[in-house]
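The values are calculated or read from the model by the stated rules, or taken from the named source; none is laboratory data. For clarity, every value in this text was computed on a predicted model and none was experimentally measured. Positions of Cβ are generated from backbone atoms using ideal geometry, with glycine treated the same way; all protein chains shown enter the neighbour counts. Side chains included, ligands, DNA and RNA excluded: accessible areas come from the protein's heavy atoms. Shrake-Rupley method; radii C 1.70, N 1.55, O 1.52, S 1.80 Å.
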Amino acid sequence: MQKLKSSFFLLLPFLIAITFLSINFKTDLSTFFIAGETAEEILLASEIQSGTLSKRYILSIGSPESLADTRFINTLTTIFKNIKGVNDVWLAGETQSTIKTISSLYKHHAAQLYSRDPQTDLAVIFKPENLQKRAEALKAALLSPQSDIVKQIVKYDPLLLSLTSFKNLSEQFKPSLKKDHHYQNLILETDKSGMEFETHVIIQQQIQTIFNQQKEKFNSPSKLEMTGVPVFAVSTQKRMQSDITFISILSSFALTGLFFILFRSFRVLFWVACLLITVVCSAVLITQLIFGFVHGMTMAIGTTLVGICIDYPIHALVHGQVSPENQRVNAIIKIFPSMLMGGVTTLIGYFALGLSGYPGFQQVAVYAGTGILVSLALTRYLLPHLMIKTQQQASCLKLNLLSVWLDFCQRWQAALLSLLILISLGCFYVLGHLTWMQDLQELTPELNDLKVIDKRIRSRMVSMEPGRFILVHAKNVEQVLQRGEQVYKILDQLKTQGDLSDYFGLYPWVLSKQQQQINSQLFDKAVTPAVIKQWQQALKLQGLSVHHLGRLDYSPHKFLTLEKLLTTPLGRLLSNQIIIHPQQVLLIIWLSQHNSARLDNIFSNDENVHYFSQRDMLNKMAVDYQHRAQIMLLAGLGLISLLLMIRYRSLVKTLQTLAPACLSAVIILALWSLQGVAISFLHLVGFLLVTAICVDYGIFYQENRGENIALTYQAMAASMLTSALAFGCLMISQTKILQILAEVVTSGVILGFLFCPIVIQSKSIKTKK
């Protein structure tokens with residue numbers, strides 16, 4: 001045994017070092033809560049977390065009191081490009097590079113991209129009167145300030161078909177543009193995902209520093225506002241790190257102080273601290289091994305694991321130290337079946353939590369389950385041998401008020417039980433008026449300031465409904481473009497019917513190869529000698545060269561592919577509408593104001609096209625999570641009940657053991673219902689934890705293996721205080737998610753502990769003082 005103890009204390013520093021060196025830490029809340037149901041949603045969530053969208057900032061610069069200074073903005077744009085990790089910076093809605101790309105690229109593909117409905121449009125294009133109008137437009141373009149660009153195009157596209165499509169696009173954008181001349185919006189793209197915390201902290205600091213320096217140099221009244229995935233990610237991680245650091249320190253000191261007050265021994269404090277450090281390090285390493293990272297929420301909630309895992313050493317210490325030295329191992333062995341049963345019921349609770357479907361809580365389940373198993377093993381096989389040389393004590397706990405409560409409950413048990421039943425019946429009636437939280441965004445009020453800034457910045461840009469779009473998916477690019485072209489036709493009908501203001505797809509930028517080929521073939525057939533003659537007459541009337549412009553010779557050219565388009569400057573404009581992965585391609589069609597119910601109904605039966613609303617998805621997930629949490633709570637309770645029935649072979653004892661946990665949950669829910677508190681799936685998750693913990697209290701009190709109910713209840717009190725204190729420390733968190741869990745579990749374990757002597761009866765119980 002001496003070798004075992006020596007090995008433990010020698011290996012512990014190595015375990016700590018390995019844990020710190022191997023941990024991969026993440027804080028993105030979307031990875032903790034959001035898991036798409038479909039392959040498309042999963043892919044989209046992945047793109048938001050690590051794709052192009054996650055690498056971009058929107059910088060809004062200006063002042064409501066004065067117009068934006070172009071020189072100031074241009075200087076900032078140039079300097080921002082030199083920041084390490086920044087790929088490019090450009091003005092939102094920038095047209096210069098777009099025009100250059102159109103003039104150099106699209107002039108070769110005019111006969112392939114002129115229309116999505118070539119039969120209808122060709123009939124219109126080649127009407128004699130329309131050819132006259134095109135000749136007039138051509139003359140005007142050649143005399144305009146953009147004549148140099150037009151001259152490059154007309155050699156290949158005398159009808160200016162390519163420019164016509166983009167003119168229509170420009171007109172399409174006009175009613176959707178919200179141009180505020182007091183502000184300029186810059187798009188800043190980095191080379192790292194928004195989840196790369198360290199990189200983006202430095203980038204954001206440099207952006208702010210450069211802005212302040214140039215603002216002073218230009219004596220500008222402008223202000224800088226930023227939004228984008230990296231802004232939210234950095235803010236979340238800073239808050240998470242602050243919470244984890246502060247809560248860990250506070251809970252460690254609080255639990256240390258409480259433990260010393262209870263046991264009055266530095267040696268015992270040192271033993272338990274070493275055991276718990278081993279528990280936490282083991283839990284972190286196993287979680288890291290299974291998931292490849294440990295989430296900040298897992299760490300924050302995991303700090304409360306200390307309060308649960310300390311229960312087992314407490315019971316061992318309380319019962320072991322009142323026994324003679326040579327009987328301590330046997331004393332702990334005697335109560336270990338209760339500890340094991342309590343551990344198993346708690347594991348069932350966490351197992352149900354892991355099956356709930358919440359990505360983050362799967363981690364919490366693994367983390368907590370590992371901790372419980374390691375804590376049980378150390379309590380059974382190591383702690384008894386550490387206690388051998390300590391002195392025997394009559395009682396290491398001095399919690400006199402508990403003896404008074406215990407005596408009071410035993411004396412008036414029938415009356416108190418009747419009163420508790422009446423209160424519970426009233427609570428069941430109140431539960432019918434529970435309010436359920438329907439919006440997951442209510443769980444992150446700490447991000448409200450950033451949400452307001454984000455909304456303000458986006459209101460100065462194109463007026464598209466944020467987070468609402470049509471999602472088209474296919475196995476490859478060609479297939480997704482073809483499906484997109486079918487969707488455009490449906491959306492055009494909705495525009496005609498007034499259910500959609502406008503939409504923004506990939507046309508006129510690109511069409512499928514199939515449509516390009518159809519366009520080219522129909523165009524060639526439509527260009528008859530009669531049409532050419534009419535066109536040449538129109539040119540003569542405008543005094544334009546028939547020799548250079550009258551042939552209408554649109555020579556066949558290779559198809560314009562999306563892959564090629566994305567390599568041009570236009571790629572940065574279109575990258576937020578296409579997501580290309582080896583197994584799947586997603587096309588995003590952005591929407592202006594629309595009738596969401598109509599769009600959802602039209603595409604509801606199409607397995608390849610979906611109307612997607614981020615807010616609606618989150619709201620749906622909130623409801624789904626609520627239903628899952630209810631199922632998991634009932635399933636966990638059912639499994640625990642089955643286990644207790646197998647153990648006790650008595651329905652009465654099983655119900656007595658479960659009652660403290662269930663009654664505490666019912667009473668707390670009823671109180672919140674009376675206060676009008678909206679109950680979320682997190683509250684139900686908290687009650688699942690309360691059930692798992694409080695059933696431990698019921699098992700210890702029911703079995704009373706130390707044959708001293710006063711001593712058992714004192715040990716339960718110490719366990720309750722550590723759990724309540726550990727979860728209570730989460731109440732000071734800046735994160736509402738942690739605050740909710742803290743409120744539920746802290747109040748639940750206290751009530752569950754107090755209800756045990758009221759609800760549980762046993763003829764074998766004898767109070768020994």
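About its Cα centre, how strong a charge dipole does the chain have in debye, to the nearest 20, once Lys and Arg get +1 and Asp and Glu get -1 at the Cβ?
Values: 66 positive and 50 negative charges, 209 e Å.
Value, rounded to 20: 1000 debye.
Could you put H594, H557 in order of accessible surface area, largest first, with the 1.4 Å probe and the full protein assembly present? List each step's numbers first, then the result.
Values: H594 30, H557 85 Å².
Solvent-accessible surface, decreasing: H557, H594.
If we count every other residue with Cβ under 11 angstrom of I333's Cβ, Lys/Arg +1 and Asp/Glu -1, where does the sum land? Mind dumping the intermediate values first?
Numbers: positive: R328, K334, R380, R705; negative: none.
Value of the local net charge: +4.
Quick one: net charge around D696, please, counting Lys, Arg +1 and Asp, Glu -1 for every other residue with C-beta under 13 Å from its C-beta.
On the way: positive: none; negative: D311, E703.
Local net charge: -2.
Within the range 527-547, list the residues whose amide N lies under 12 Å from a label point set 7 Å along Cα→Cβ of K139.
538-545
Can you figure out the FRET efficiency of E707 with R267, using R₀ = 35 Å and their beta-carbon distance, to the nearest 0.05? Present the calculation step by step, with values, prior to reporting the outcome.
On the way: r = 27 Å, r/R0 = 0.78.
Efficiency computed from Cβ-Cβ geometry: 0.80.
Length gain on complete extension for the stretch L12 to T78, per 0.36 nm per residue less the alpha carbon to alpha carbon distance? The partial results should precede the final answer.
Details: separation 66, 0.36 × 66 = 23.76 nm, distance 5.30 nm.
Difference between extended and current length: 18.5 nm.
How big is the range 187-244 in terms of Cα radius of gyration and Dmax, in angstroms?
Both quantities, over Cα of the range 187-244: 13.2, 42 Å.
Considering only protein heavy atoms and a probe of 1.4 Å, how much of the accessible area of the chain is carbon and sulfur, as a whole percent? Intermediate results must be reported in sequence, preceding the final value.
Working: 20520 of 34800 Å².
C and S fraction of accessible area: 59 percent.
From the residues V364, V124, S375, which one has its Cα farthest along the dipole of the chain in the positive direction, the dipole being from +1 and -1 charges on Cβ of Lys/Arg and Asp/Glu about the Cα centre?
Looking along the dipole axis, the top candidate is S375.
Pick out the long, greasy-scoring helices in the chain: whole DSSP H runs spanning 20 Å or more along their own axis by Cα, mean Kyte-Doolittle at least -0.5.
Details: long enough: 2-22 (30 Å, 1.37); 128-142 (21 Å, -0.62); 197-218 (31 Å, -0.60); 229-263 (49 Å, 1.17); 266-291 (37 Å, 2.28); 328-354 (37 Å, 1.19); 359-381 (34 Å, 0.77); 413-430 (25 Å, 2.12); 477-497 (30 Å, -0.68); 614-648 (49 Å, 0.44); 651-675 (35 Å, 1.49); 681-703 (33 Å, 1.38); 709-728 (27 Å, 1.26); 736-759 (34 Å, 1.88).
Membrane-span-like by this rule: 2-22, 229-263, 266-291, 328-354, 359-381, 413-430, 614-648, 651-675, 681-703, 709-728, 736-759.
Take the residue pairs K139/K564; K133/K558; K84/K455; K217/K455; K55/K238 and return only those whose Cα atoms are more than 20 Å apart.
Correct reply: K139/K564; K133/K558; K84/K455; K217/K455.
Where does the charge balance sit around L730 when Lys and Arg score +1, Asp and Glu -1, over other residues with C-beta under 10 Å from its C-beta? Could you put the intermediate results ahead of the total?
Values: positive: none; negative: D243, E743.
Here the count lands on -2.
Output the peptides 646-659, 229-242 sorted from most to least packed, where packing is the average of other Cβ atoms within 10 Å over each peptide's residues.
Details: 646-659: 16.9, 229-242: 19.9.
So the order, starting with the most tightly packed, is 229-242, 646-659.
If I model a spin label as a point 7 Å beyond the Cα along the Cα-Cβ vector, how far apart are those points for L639 and K736 in nm?
Placing both labels 7 Å beyond Cα along the Cβ direction yields 3.0 nm.
Based on Cα coordinates alone, diagonalise the gyration tensor for the range 218-290, multiply each eigenvalue by 5, take square roots, and list the semi-axes in whole Å, largest first. Before the final figure, lay out each step's value.
Working: eigenvalues 358, 70, 10 Å².
Equivalent ellipsoid semi-axes, largest first: 42, 19, 7 Å.
Kirkwood hydrodynamic radius, the chain, all distinct C-alpha pairs: what's the number in Å?
Taking every pair of different Cα atoms in the chain, averaging 1/r and inverting gives 30.9 Å.
Would you calculate the volume per residue, in Å³, of the smallest convex hull containing every Cα atom of the range 656-769? All intermediate terms of the calculation are to be shown ahead of the outcome.
Values: hull volume 10.4 nm³, N = 114.
Normalising the Cα hull of the range 656-769 by residue number yields 91 Å³.
Work from the charge dipole of the range 189-234 (Cβ charges, +1 for Lys and Arg, -1 for Asp and Glu, about the Cα centre) and give the residue of V234, F211, P221 farthest towards its positive end.
With unit charges placed on the Cβ atoms, the residue in question is P221.
Could you do me a favour and compute the accessible area per residue for the chain, 1.4 Å probe, result in Å²?
Working: 34800 Å² over 769 residues.
It amounts to 45 Å² per residue over the chain.
What value, in deg cm²/dmol to 500, does the helix sum -39500 (n - 2.57) over DSSP H runs of n ≥ 4 give at 222 nm once divided by the residues of the chain?
On the way: 34 runs with 505 residues, N = 769.
Rounded to the nearest 500, the figure is -21500 deg cm²/dmol.
Taking the simple approach of a point 7 Å from Cα along Cα-to-Cβ for both Q213 and D117, what is their distance in nm?
Placing both labels 7 Å along Cα→Cβ, they lie 5.6 nm apart.
Determine, for each peptide in 693-705, 150-162, 244-256, 120-132, the mean count of other beta carbons within 10 angstrom over its residues, then list the peptides with the highest first.
Values: 693-705: 25.9, 150-162: 19.2, 244-256: 16.5, 120-132: 14.6.
Top to bottom by mean Cβ count within 10 Å: 693-705, 150-162, 244-256, 120-132.
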